[in-house]
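Each remark here refers to the structure printed beneath this line.
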Amino acid sequence: MKALVWHGKRDVRVDEVPDPTIVDPTDAIVRITSTAICGSDLHLYEVLGPYMHDGDVLGHEPMGIVEAVGPEVTHIKPGDRVVVPFNISCGHCWMCSRGLFAQCETTQVRQFGKGASLFGYTELYGQVPGGQAEYLRVPQAQFGPIKVPEGPTDQRFLYLSDVLPTAWQAVQYADVPAGGSLAVLGLGPIGQMAVRVAKHLGVERVIGVDLVPERLAMAAKYGAEPLDISSVDDVASTLIELVDGRGPDSVVEAVGMEAHGGASSTAAKAAQTAAGLLPDAVAKPLIDKAGVDRIDALLTALKGVRRGGTVSVSGVYGGEVEPLPMMEMFDRGVQLRMGQAHVKRWVPDILPLVVDDADPLGTEDFATHLLPLADAPRGYEMFQKKEDNCVKVVLQP
């Protein structure tokens with residue numbers, strides 16, 4: 001089969017790889033009909049290279065048609081249309097029984113002290129072949145795949161794999177009070193959908209923060225007040241001024257480890273670049289013990305939220321020694337929540353919305369670029385460089 005394969009920093013190619021097969025009785029094989037490029041895939045394209053292996057198959061936002069199932073898989077069958085969550089969870093362990101599917105104890109990668117395995121996402125998360133491919137082996141398929149109806153386009157359902165539950169959790173964790181305000185930092189796919197989810201859930205005032213005009217315009221279309229960071233000297237101070245001199249009740253930080261900004265980002269980028277030039281055997285322990293991210297977006301969230309407010313972090317981080325302003329956080333009583341999305345926890349809330357032909361979250365037109373799998377390398381480059389008004393790329397094998 002054809003699959004998108006990692007070969008090095010900014011070097012991904014569509015190669016011929018072996019077809020997947022049923023290995024365990026809880027496996028399924030899915031023929032992929034649509035698969036998206038996630039913003040966190042760009043971290044593999046850049047800073048997380050030391051944990052990648054030449055030949056790794058990328059991708060963790062897939063859906064398609066079930067081709068085969070193992071004997072312990074009973075809730076889906078060949079011919080069913082399914083979405084595959086990005087995290088691999090069993091559904092029955094101690095963590096899963098508490099709805100903490102991203103911490104599944106059956107698939108935890110204990111070697112690296114990490115939570116549930118993920119599709120297509122480094123050895124830290126299990127080195128499981130991903131879904132930017134023609135076919136996908138799905139472990140723990142007795143629980144994971146989400147069956148969806150025939151009829152609507154893939155774009156209606158595809159984002160159940162990651163974007164929708166991640167955005168939904170981000171807004172839920174933000175805990176915006178009735179009549180309150182929310183700032184969303186970063187208007188990539190997760191930030192865009194967080195704006196839509198927040199408005200759908202009744203958040204009265206949503207401020208969308210970014211510097212790309214097309215992304216600001218997209219968020220404004222769905223009810224956000226756009227704030228162009230290139231037009232202000234200090235984003236945190238501006239947020240405080242905009243909302244009653246106090247700041248928004250809650251902030252969703254949807255940027256993560258590769259934020260652009262001031263001196264801290266410049267220094268962290270230099271450290272990331274230097275680590276990327278080292279041999280993997282040297283770089284990996286260095287990153288694990290002393291890794292540092294570009295945290296300007298996180299600092300803005302912590303300093304821009306009101307006193308007693310909540311910061312919800314959905315942007316991916318990989319550092320170990322982030323220099324956080326603990327005195328200010330403590331003094332201002334800031335609450336902080338974060339983590340990988342517990343996909344199956346939120347599906348019952350989201351599925352009725354994507355089944356609804358009114359498409360209240362605007363999933364049908366969310367993708368800005370639909371490309372064949374063969375064009376995936378160009379999709380990565382375009383998404384990373386934010387070319388051609390690119391917000392979300394969907395690949396169609």
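The values are calculated or read from the model by the stated rules, or taken from the named source; none is laboratory data. Given the structure is predicted, the values throughout are model-derived calculations rather than measurements. Counting neighbours? That spans all protein chains shown, and the Cβs are built from the backbone with ideal geometry, glycine included. Only protein heavy atoms, including side chains, enter the accessible area calculation; ligands, DNA and RNA are left aside. Shrake-Rupley method; radii C 1.70, N 1.55, O 1.52, S 1.80 Å.
Details
- Exactly one residue out of Pro397, Pro360 is within 16 Å of Met63 (Cα to Cα) and either over 18 Å from the mean Cα position of the chain (by Cα) or not polar (S, T, N, Q) (or both), and it is Pro397.
Residue-wise test of (1) crowded, with 24+ Cβ neighbours inside 10 Å; (2) part of a loop (DSSP other than H, G, I, E, B).
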residue	(1), (2)
Tyr173	no, no
Val184	yes, no
Met193	yes, no
Ile207	no, no
Glu214	no, no
Ala220	no, no
Gly223	no, yes
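- Residue match in segment 160-170 (condition: under 30 Å from Val5 (Cα atoms) and in contact with a Lys or Arg (Cβ under 6 Å, 6 or more places away or on another chain)): no
- Test result for Pro377, outside any strand (DSSP E or B), modelled with pLDDT of 95 or more and surrounded by fewer than 19 Cβ atoms within 10 Å (Cβ to Cβ): yes
- Tally, over segment 87-119, of residues that are under 27 Å from Val393 (Cβ atoms), of a type in the set (Phe, Trp, Tyr) and either open to solvent by 10 Å² or more (accessible area, probe 1.4 Å) or out of contact with any Pro (no Cβ under 9 Å at 6 or more places or on another chain) (or both): 1
- For segment 3-24, a residue qualifies if it is in a loop (DSSP other than H, G, I, E, B), among the β-branched types (Val, Ile, Thr) and open to solvent by 40 Å² or more (accessible area, probe 1.4 Å), and the qualifying residues are Thr21, Ile22, Val23.
- Residue among Asp54, Asp41, Asp27 that alone is charged (D, E, K, R), surrounded by fewer than 17 Cβ atoms within 10 Å (Cβ to Cβ) and either over 22 Å from the mean Cα position of the chain (by Cα) or modelled with pLDDT under 95 (or both): Asp54
- Residue in segment 158-165 that is more than 20 Å from the chain's Cα centre (by Cα) and more than 21 Å from His43 (Cβ to Cβ) present: no
- Pair list, Cβ under 8 Å, 6 or more apart: segment 201-224 residue touching a residue at least 24 places away in the same chain (Cβ under 8 Å) and among the basic types (Lys, Arg), other residue part of a loop (DSSP other than H, G, I, E, B) and open to solvent by less than 50 Å² (accessible area, probe 1.4 Å): Arg205/Gly180; Arg205/Val243; Arg205/Pro248; Arg215/Leu187; Arg215/Gly188; Arg215/Val391
- Hits in segment 151-171 - residues which are outside any helix (DSSP H, G or I) and farther than 22 Å from Ala358 by Cβ: Asp162
- Of all residues making up segment 122-145, the number that are modelled with pLDDT of 95 or more and either open to solvent by less than 10 Å² (accessible area, probe 1.4 Å) or small (Gly, Ala, Ser) (or both): 10
- Candidates Trp6, Trp94 - the one that is at negative phi and without any contact (Cβ under 8 Å) to a residue 24 or more places away in the chain: Trp94
- Filter result for Leu324 (out of contact with any strand residue (DSSP E or B) (no Cβ under 7 Å at 6 or more places or on another chain), assigned to a helix (DSSP H, G or I) and open to solvent by 20 Å² or more (accessible area, probe 1.4 Å)): no
- For the criterion of being touching a His at 6+ places or on another chain (Cβ under 8 Å), open to solvent by less than 60 Å² (accessible area, probe 1.4 Å), modelled with pLDDT of 95 or more and assigned to a helix (DSSP H, G or I), Leu361 fails.
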